[in-house]
1. What accessible area per residue, rounded to a whole number of Å², is obtained for the protein assembly as shown using a probe radius of 1.4 Å?
2. Using θ = phi - 60° and the Karplus curve 6.51 cos²θ - 1.76 cosθ + 1.60, what whole-Hz ³J(HN,Hα) does each residue of region A:33-45 get, with Gly and Pro shown as x?
3. Can you give me the % of accessible surface on the protein assembly as shown that is carbon or sulfur? Probe 1.4 Å, all protein chains present, nothing else counted.
4. Dipole of chain A, Cα-centred, from +1 at each Lys and Arg C-beta and -1 at each Asp and Glu C-beta, to the nearest 20 debye?
5. Rounded to whole Hz and in sequence order, give me ³J(HN,Hα) for region A:62-67 from the Karplus expression 6.51 cos²θ - 1.76 cosθ + 1.60, θ = phi - 60°, writing x for Gly and Pro.
6. Can you give the FRET efficiency to the nearest 0.05 for residue A:143 and residue B:103, using r as the Cβ-Cβ distance and R₀ = 56 Å?
7. In peptide A:75-84, how many Cβ atoms from other protein chains are near each Cβ within 10 Å, on average?
8. Using the beta-carbon distance between residue A:52 and residue A:91 and R0 = 22 Å, what value does 1/(1 + (r/R0)^6) give for FRET efficiency, to the nearest 0.05?
Amino acid sequence: MNAAFFASWIEEIIRTVHVERDRLTRLDAAVGDADHGANLDRGFAAVAPVLAAKQPDTTGALLKQVGDTLIRNVGGASGPLYGMAFREMGKVLGDTPDVSVAELCTALRAGLAGIQKLGAAVEGDKTLVDALIPAIRALEQAVRDGVKQQEAIAAAAAAALAGAEATIPMLARKGRASYLGPRSVGHEDPGAASTALIFAALNTVATR
Amino acid sequence: MVGIVLISHSGPLAAEVAALAAQIGGENVPLAAAGGTEDGGLGTSPGLVEAAIEEVDRGDGVILIPDLGSSVLTARLFAGPDVVIADVPFVEGTIAAAVSAGSDMPLKDVLAAAEEARTFRKL
């Protein structure tokens with residue numbers, strides 16, 4: 001996976017977030033302030049012209065630019081969280097010309113650490129971490145099993161989706177949804193849903 | 001003098017709490033409101049927070065007072081040895097911080113005074 005692959009991934013995220021914007025906002029209407037889809041769409045839409053103006057030639061520079069743009073433009077909690085994650089991934093990948101699945105795992109672990117440094121969420125808190133951690137685990141398992149890259153990424157996307165769906169019965173303990181207490185139960189976490197979309201986009205690009 | 005930055009999801013909310021704190025704590029306290037998004041909507045803007053920190057920084061440290069949710073995460077992006085986050089009730093903590101900053105206390109004492117506001121009972 002080279003810098004062009006990661007650029008395609010980001011382009012696919014921009015497209016998917018735009019298509020799914022209303023669904024994400026509906027999920028957030030149930031447990032938050034009904035702006036997750038709109039916020040993410042604004043943030044990722046701002047990424048497109050930045051990348052078009054000056055396409056970074058390393059994966060590290062690309063992901064750092066994506067992170068910085070998200071932090072500046074999202075306007076909600078997902079801006080600092082996703083922004084930090086992409087920035088940390090960029091730091092780890094740097095100018096690696098061809099990123100292996102194992103290296104992607106290391107970068108995602110760094111992204112997760114960045115998210116947890118800001119939000120302090122753990123698994124079961126009903127946040128995006130509940131989609132991200134299963135996806136990383138599936139990817140790491142695939143590396144241990146020695147499966148092909150495409151299969152590994154498909155497993156990660158499936159695990160992220162299952163993780164997002166598993167947030168439905170959870171009681172929120174972080175973020176705005178935590179103020180709802182028991183009323184947060186029965187709704188999918190919007191952040192976990194958008195994380196599942198980000199891994200679905202990765203899978204789409206990997207199967208091209 | 002310690003600077004204070006109010007980070008709220010709402011521009012008018014941050015501005016009004018800053019106005020109240022300036023009246024009680026003294027007009028000379030460096031106090032800035034960073035509420036809402038850059039286009040005036042509800043949310044938080046790292047750009048506005050960064051500008052507010054620069055505005056109130058007199059070299060004695062800055063205290064960030066977030067309201068909830070994304071404002072806490074945005075504040076964490078800027079936290080360091082000289083820029084600290086006060087985990088306090090938005091109004092009461094701001095007043096306590098402004099009063100103690102106004103009496104020229106050092107950063108750690110202003111933070112401690114703000115955090116005491118957590119335990120104040122109204123009844």
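1. Value for the protein assembly as shown: 43 Å² per residue.
2. Calculated HN-Hα couplings, in order: 10, 6, 10, 4, x, 5, 5, 5, 5, 4, x, 6, 4 Hz.
3. 55
4. I would put it at about 340 debye.
5. 4, 5, 5, 5, 4, x
6. The calculated FRET efficiency here is 0.45.
7. Rounded to a whole number, the mean comes out at 6.
8. Efficiency, rounded to the nearest 0.05: 0.40.
The values are calculated or read from the model by the stated rules, or taken from the named source; none is laboratory data. Since the model is a prediction, treat every value here as computed from it, not as a measurement. Note that each Cβ is placed from the backbone with ideal geometry, even for glycine, and that neighbours are counted across all protein chains shown. Accessible surface is based on the protein model in full, side chains and every heavy atom, while ligands, DNA and RNA are left aside. Shrake-Rupley method; radii C 1.70, N 1.55, O 1.52, S 1.80 Å.
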